[in-house]
Amino acid sequence: MSDFLGPAPAAAPSVLPVLGNTLLDPALVPAPAYDVYLTVEDVQRQLRRSRASVYRYANTHPEILNPPFDPNKLNPEVRSDRDASLQFHVREVRRFAQDVLGLALTLAVQPSEETTTHELLRAVLKELQAIRQLLEISPDQK
């Protein structure tokens, strides 16, 4: 999916909470897959708000590079340079969507996309299973 955040799980389909098409619940997502940062465009797409709205929601200040946490604003990650683009942790976007905007999370199944690689791996697996069956046949049955 185009709005999917972070790397897709390598396994089969899994049930994950989403806002729109975005994974947003850290309790149900493995930690390595959940450490994702969003750009302003990603936040705009996920919250379904204009770019200007996202900038209005963001906790920024003209004189202070990293203002203190504001529970009523969308708090970006710490920046080391004023020219660095704003990045938002997925947990912060989730908190802001729930607490400030009042958006509810929903559950959705996110199946992995079927690719030629998947088909090829399935064929290899079938062939290996057939070979294993042949090897496990007892010498009496040969």
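FYI, it's all coordinate maths here, none of it is from the lab. Just so we're clear, the structure is a prediction, and the values are computed from it rather than from any experiment. Here the Cβ positions follow ideal geometry from the backbone for every residue, glycine too, while neighbour counts run over all protein chains shown.
One residue stands out in region 74-91 among those that are outside any loop (DSSP other than H, G, I, E, B) and touching a Pro at 6+ places or on another chain (Cβ under 9 Å): the one that is surrounded by the fewest Cβ atoms within 10 Å (Cβ to Cβ), namely 91.
Taking region 37-63 as the range and being among the polar types (S, T, N, Q) and either part of a loop (DSSP other than H, G, I, E, B) or out of contact with any helix residue (DSSP H, G or I) (no Cβ under 9 Å at 6 or more places or on another chain) (or both) as the test, the residues that pass are 39, 50, 59, 60.
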